[in-house]
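Written below as structure tokens is the structure these notes are about.
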Amino acid sequence: MKRFPLFLFVPALGLGACAGHAAGAPPAALTLARRLADAPQTAAKAVIPGSAAMDRGAAREPAGLAGVDSSAVDSWREGRLYRLETAPGRVSDIMLEPGEALVSVAAGDTARWIIGETSSGSGPGRRTHVLVKPTEAGLATNIIIATDRRVYHVEAASGGDQSVRSLSWTYPDDALLAIRKSAGLAAAGPGAMNVGYSIEGDRPSWRPVRAFDDGEHVFIEFPPGLAQDEAPPLFVRPAEGGTALVNYRVRGRYYIVDRLFSEAELRLGEKPQQVVRIVRADAGHGRRRGS
């Protein structure tokens with residue numbers, strides 16, 4: 001079986017920095033594409049090995065994982081291990097934050113995985129992509145991606161019939177700093193942010209993307225382009241039952257609520273009314289803190 005070198009120690013200079021080529025040879029990006037296309041494949045089925053507990057817990061399954069060629073988006077936290085499902089014959093794209101510069105990529109299995117790097121866009125919006133492809137099913141390795149902003153720890157596994165087309169992240173810590181600054185709020189203390197909120201109920205176009213708190217305020221993030229006439233009022237459900245309007249401020253596509261709550265509802269329209277619930281995971285603890 002033909003083998004390919006796996007890991008590239010890549011300064012953020014594009015694939016051309018990984019290997020020189022003679023005059024007239026195809027560009028580095030094209031060379032990578034050909035390597036990915038020509039890599040040996042196998043139709044064998046395999047059980048994807050489970051990930052072991054590491055650091056702050058087991059490998060995290062990204063949100064949005066739904067089967068073949070799905071896209072996964074998760075929230076990045078320091079020290080967390082993320083799981084990437086791959087498949088022979090398919091390339092998975094690990095997408096870094098726009099403007100984030102790649103420093104290096106390393107992987108544990110240097111013989112049976114092909115890993116390359118490319119970029120899209122230009123200027124401040126330039127985005128680095130780490131491309132991952134296994135040569136066969138039933139493989140597992142870890143990938144460490146170091147950038148000028150953070151370090152990503154990824155546990156990659158190859159199965160026979162499931163893969164993630166792209167894996168990317170949101171960055172709640174960075175978002176929180178920007179929101180607090182725009183709202184004139186004091187900086188939160190280290191480790192104060194809690195992202196343990198679920199979004200439930202109907203799925204209107206304005207359904208929030210996520211919610212988190214800093215120990216004093218709850219921040220609710222809506223999709224980009226939320227129209228003013230679509231902005232739904234927010235109701236809190238107190239521990240004693242019923243609902244009550246709550247004061248909040250709007251900063252861009254965020255609601256900033258000046259208290260904590262265990263459960264709240266966003267409501268818009270009539271007959272039928274669209275209702276989206278925001279529920280904190282530690283609801284019992286939350287009622288003692290802020291509801």
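The values are calculated or read from the model by the stated rules, or taken from the named source; none is laboratory data. Given the structure is predicted, the values throughout are model-derived calculations rather than measurements. For accessibility, only protein heavy atoms count, side chains too; no ligands or nucleic acids. Shrake-Rupley method; radii C 1.70, N 1.55, O 1.52, S 1.80 Å.
Under a 1.4 angstrom probe, counting protein chains only, how are 197, 152 ranked by accessible area, largest first?
Numbers: 197 30, 152 0 Å².
These residues rank, largest area first, as 197, 152.
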- Note on the structure: Heavy-atom accessible area with a 1.4 angstrom probe orders 219, 235, most exposed first, as 235, 219
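Give the ranking of 207, 80 by solvent-accessible surface, highest area first, calculated with a 1.4 Å probe. Present the calculation step by step, with values, prior to reporting the outcome.
On the way: 207 35, 80 60 Å².
Order by accessible area, largest first: 80, 207.
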- Taking the alpha-carbon centre of each part, the distance from the stretch 192-253 to the stretch 104-144 in Å is 36 Å
- Query: On average, how much accessible surface per residue is there in the stretch 109-261, in Å², for a 1.4 Å probe, leaving out ligands, DNA and RNA?
  - Reply: 43 Å²
- Message: What figure, in Å² to the nearest 10, do you get for the accessible area of residue 71 with a 1.4 Å probe and non-protein molecules left out?
- Response: 50 Å²
- Query: To the nearest 10 Å², what's residue 104's accessible area with a 1.4 Å probe?
  - Reply: 20 Å²
